[in-house]
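Structure first, then comments.
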């Protein structure tokens, strides 16, 4: 194992509700759009980490790596604001952590 001085990893888990979703297909369509938008705009690693078999619930895990903790926090905050601004999604719970 090796360690790089100055590397900061920010992780964020976001529980989302997609109230208008009537099927897993509906959910995946919305989720695909959200993930593509966040990856493209904020250069985040993002994946669905829980709730894969539920129609309306999604838990996303996001990660950002940089050498500046304030930059990592800023990127995660902007990504959360982008998610909150999407009219088809409700944010239920957020957990952030810097490593």
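The table below gives the values:
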item	result
Fewest-first ranking of 54, 31, 16, using other Cβ atoms within 10 Å as the exposure measure	54, 31, 16
Mean residue ellipticity (222 nm) of the chain, computed from DSSP H runs ≥ 4 via -39,500 (n - 2.57), nearest 500	-12000 deg cm²/dmol
Sequence-separation-based contact order of segment 1-70, relative, with Cα cut under 8 Å and 6+ spacing, percent	49
For segment 24-63, the fraction of alpha-carbon pairs in successive 5 Å shells from zero, as %	6, 25, 33, 22, 11, 3
Where only C-alpha atoms are counted, convex hull volume of segment 8-98 per residue in Å³	74
Computed FRET value (nearest 0.05) for residue 15 with residue 70, which takes r as the C-beta separation and R₀ as 22 Å	0.30
Which of 20, 15 has the fewest Cβ neighbours within 10 Å, and the rest in rising order	20, 15
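Since every read-out is calculated from the coordinates, none of them should be taken as a lab result. These figures come from a predicted structure and were not determined experimentally. Here Cβ is always computed from backbone atoms with ideal geometry, including for glycine, and neighbour counts include all displayed protein chains.
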